[in-house]
Amino acid sequence: MMTVITETTLEPGREAEWDRAFQERLADARNQPGWHGLQLLIPLDAPNRRVVVGTWESRAAWEAWHATETFQRTRQPMNEADRTDGQERWFEVASSATATA
C-alpha cells in the first residue's frame, strides 16, 4: 500500500473553484480499483494551500485514476486555479489503523 501527499498553493479567490473540481475527483476515486482513502487538508494558517493525502494499493492504481475521464476533465479548472504545480511525495505504508464505529 502506498500513500501520496501532494501540496499546492492556489490563487487567492479561486479556492472554491479548485475545491469543487477536487470533489468531483474524490467522488470518482471512490470507484477506482486500488483506492483506499483520501483526505483534503487546508492548513489553518494558509487558506489558499491544499494538502491532498491519498492512499492506494499501488502507484499503478493511482496512475490509472489519473487517466480517467473525470480526472482529465477536472485538470483544466484545477490547473487554472493553481499557483504552483503540486509537489508529490510518495510513502510506503508501514502500518495503518482506522477508528471503528
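Every read-out reported here was derived from the displayed coordinates using simple, explicitly stated rules and does not represent laboratory data. Given the structure is predicted, the values throughout are model-derived calculations rather than measurements.
Data for the structure
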read-out	value
The range 15-101: relative contact order as a whole-number percent, Cα under 8 Å and 6+ apart	31 percent
Candidates 54, 34, 13: whichever shows maximal mean-square fluctuation once the chain is modelled as a Gaussian network with Cα springs under 10 Å	13
Residue-span extension gain [residue 84 to residue 96] - 0.36 nm each, minus C-alpha spacing	1.3 nm
